[in-house]
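Take a look at the structure set out below.
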Amino acid sequence: MTDDVIQTGKKLVIDVWADVLCPWCYIGEHRLSKAIESSSHSERIELNVHTFQIDPQAPKEVTPTMDFLARKVGMTVEQVRPNEEMIARQARQDGLVYHVDRPMKNSFDMLRLVQLGNQFGLGWEYMRAMQAEVFGGNQQAFEADTLLRIGVAVGLSEHRISAVISGGEFGRAVREDRRLALDMGVTGVPFTLLNKRFGIPGAVGVTQYSDAIERAWKDSSDE
């Protein structure tokens, strides 16, 4: 790190668009976190999570993920299971818990809570905690008690979490985040943007994230 960067207080800003229910977001966030932690610039990186609801028409009742995927693509559960098993193997190689037979539900309310977390700089932590419950196979992952428990654990107020769950707060923020991504041409998540200049579509490896961080840092230092 050069002296002029230290003196001017420059930071590397990383923006990530993701959905709680997105398997590759779950994996990509883990890899990006590892890349940030191992970076010599880690203390000068600002990480922002933006919500991107993949399927706004997803059911509002809890349903088995495999049943939902099969209906969505017009195939049988047996036909869609191999792809899920492939993702599960990849997640486990990364040290993540991943249950193929897990619950799913429309993610809008969860994403509203991520937006609440963002108000206190805890959106990233809250989203990852939700994903741990969902991909960990917790059948109560979408229940208010679970969302309260993990929200309080990451540092949010139980009162504020309850108010958001029972109301419609942050709905506009969820829709605006998605609209912003679509306006930029983003068609899927995760999508990572470094210093509003270097875009990374999809979940890449830890090395690729690390290389992108170094490149973006050098670019900002050379300006």
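The values are calculated or read from the model by the stated rules, or taken from the named source; none is laboratory data. If you're wondering where the values come from, they're calculated on a predicted model, not measured in any experiment. Cβ: placed from backbone, ideal geometry, glycine included. Neighbour counts: every protein chain shown. Please note that ligands, DNA and RNA were not included when accessible areas were found on the heavy atoms of the full protein model with its side chains. Shrake-Rupley method; radii C 1.70, N 1.55, O 1.52, S 1.80 Å.
Summary of values
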item: Residue in the stretch 70-81 that is outside any loop (DSSP other than H, G, I, E, B) and in contact with a strand residue (DSSP E or B) (Cβ under 8 Å, 6 or more places away or on another chain) present; result: no
item: Check on THR187, among the β-branched types (Val, Ile, Thr) and either surrounded by fewer than 18 Cβ atoms within 10 Å (Cβ to Cβ) or at positive phi (or both); result: yes
item: Residue satisfying all of: in the stretch 29-38; of a type in the set (D, E, K, R) and open to solvent by 50 Å² or more (accessible area, probe 1.4 Å); nearest to PRO190 (Cα to Cα) among these; result: LYS34
item: First in the stretch 39-66 and on the phi > 0 side of the Ramachandran plot and open to solvent by less than 10 Å² (accessible area, probe 1.4 Å), second anywhere and of a type in the set (Asp, Glu) and modelled with pLDDT under 95, Cβ under 8 Å, 6 or more apart; result: none
item: Test: residue in the stretch 69-82 that is hydroxyl-bearing (Ser, Thr, Tyr) and either more than 21 Å from the chain's Cα centre (by Cα) or surrounded by fewer than 18 Cβ atoms within 10 Å (Cβ to Cβ) (or both); result: yes
item: Helices (runs of 4 or more DSSP H) within the stretch 132-223 that include 2 or more residues more than 17 Å from ALA18 (Cα to Cα) and out of contact with any Leu (no Cβ under 9 Å at 6 or more places or on another chain); result: 144-154, 158-166, 206-222
item: Condition met for GLY123 (small (Gly, Ala, Ser), more than 10 Å from VAL20 (Cβ to Cβ) and either surrounded by 14 or more Cβ atoms within 10 Å (Cβ to Cβ) or in contact with a helix residue (DSSP H, G or I) (Cβ under 6 Å, 6 or more places away or on another chain) (or both)); result: yes
item: Answer from ILE36, ILE45, ILE27 - the residue that is among the β-branched types (Val, Ile, Thr), closer than 20 Å to ASN83 by Cα and modelled with pLDDT of 95 or more; result: ILE27
item: Checking ALA181 against (1) open to solvent by less than 30 Å² (accessible area, probe 1.4 Å); (2) of a type outside the set (Asp, Glu); (3) in contact with a Ser or Thr (Cβ under 8 Å, 6 or more places away or on another chain), the condition it does not meet; result: (3)
item: Neighbours by Cβ (under 6 Å, 6+ apart or cross-chain): first from the stretch 129-144, free of Cβ contacts under 8 Å to residues at least 60 places away in the same chain and on the phi > 0 side of the Ramachandran plot; second in a loop (DSSP other than H, G, I, E, B) and open to solvent by 40 Å² or more (accessible area, probe 1.4 Å); result: GLY137/HIS99
